[in-house]
Amino acid sequence: MTYSIGELSRRTGLSVKTIRFYSDRGVVPTTRSTAGYRQYDAEALSRLELIRALRDLGVPLARIEQLLAGAVALEQLIRLEEEALEAQQQTLRLRQAVLRAARRPSPAARGGGEESVGAGRLGSLQQLGALSSAGRAAVVDDFLASVFTAAEPVLAAARQSMMPELPDDASVEQIEAWVRLAELAQDVSFRELMRELIDGYTGESLRPDEVVRVCRAVRPAIGLDPRSAEAAQYVEAVGVVDVDRLALAADVRRETYFELLAVVNGWAAPDDTAATLRWYLEAVTSRP
């Protein structure tokens, strides 16, 4: 059975102009009738249906021509296109994540207000987002090495718990969290804060369980006015603590780090320890 170009257009949904283009490139076989009109057979119909499907999927015509010429198998072409799409999707996720991160205030800032996006910060965020897995590991290792200066075995688990590991198939949210976390980890004042806090865990003035003890004691009072007499009862129940070091644990930047860490690693959101500590500190400072 042969088809005219018009019949082929109706069967495939392709325009006559498009079919003529493919014919002139030799992609679709054609013959001429005695009157000089183009004629197409079943193979031409099959090729056009394949070409349309592949073009609708975004496969370049040059690669389709390789397929039809026998230079590449269909299975191989599909795999190559799938890999190319995955790479494109990763690039788009990265771009979206960096743009979203740039619209947010720097996590190193203590305040939560709006922050203008400078060219320098935008470039820095883009570089952090584009790092390879080895580059990301280097950023993390440098940060943790600056924080965990004491070589005590008891700190090994704490160090591991602070390590972000961005998965290969990371979502936009995870990439954005990584970019913001890496930006925070490079902030000198945040490193100093975390180093002082970690050093306190190994000294005599603040044990790791002291934060837990304070939160456990005052969490039922959250919602009360911290300056009220009722709140004072909960504060009294805590006993003696090192308020200055608790203030380090209540810093919003530390809270932000662990929130971002949970997103990157796909963990459940952490307990709102910092907010509880801030309530306690306000209650303490308001006492006569």
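Quick rundown of the values:
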{"item": "Neighbours by Cβ (under 9 Å, 6+ apart or cross-chain): first from the range 260-288, more than 12 Å from V235 (Cβ to Cβ) and modelled with pLDDT of 90 or more; second among the aromatic types (F, W, Y) and open to solvent by 60 Å² or more (accessible area, probe 1.4 Å)", "result": "L261/W267"}
{"item": "Helices (runs of 4 or more DSSP H) contained in the range 178-274 and holding at least 1 residues closer than 30 Å to Q96 by Cα and hydrophobic (A, V, I, L, M, F, W, C)", "result": "188-202, 252-265"}
{"item": "Condition broken by P164, with the remaining ones in (1) in a helix (DSSP H, G or I); (2) modelled with pLDDT of 95 or more; (3) open to solvent by less than 30 Å² (accessible area, probe 1.4 Å) satisfied", "result": "(1)"}
{"item": "Qualifying residue in the range 146-154 (condition: within 18 Å of Y257 (Cα to Cα) and surrounded by fewer than 19 Cβ atoms within 10 Å (Cβ to Cβ))", "result": "yes"}
{"item": "Test for P60: is it open to solvent by 60 Å² or more (accessible area, probe 1.4 Å) and free of Cβ contacts under 8 Å to residues at least 24 places away in the same chain", "result": "yes"}
{"item": "Output for the range 20-70, where each listed residue is in a helix (DSSP H, G or I) and either among the basic types (K, R) or over 44 Å from the mean Cα position of the chain (by Cα) (or both)", "result": "R20, S23, D24, A42, E43, A44, L45, R47, R52, R55, R63"}
{"item": "Selected residue [surrounded by fewer than 19 Cβ atoms within 10 Å (Cβ to Cβ), modelled with pLDDT under 90 and out of contact with any Asp or Glu (no Cβ under 6 Å at 6 or more places or on another chain)] from V211, V188, V240, V252", "result": "V240"}
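The values are calculated or read from the model by the stated rules, or taken from the named source; none is laboratory data. Treat the numbers as computed from the prediction; the structure is a model and nothing was measured. Counting neighbours? That spans all protein chains shown, and the Cβs are built from the backbone with ideal geometry, glycine included. Accessible surface areas use protein heavy atoms only, side chains included; no ligands, DNA or RNA. Shrake-Rupley method; radii C 1.70, N 1.55, O 1.52, S 1.80 Å.
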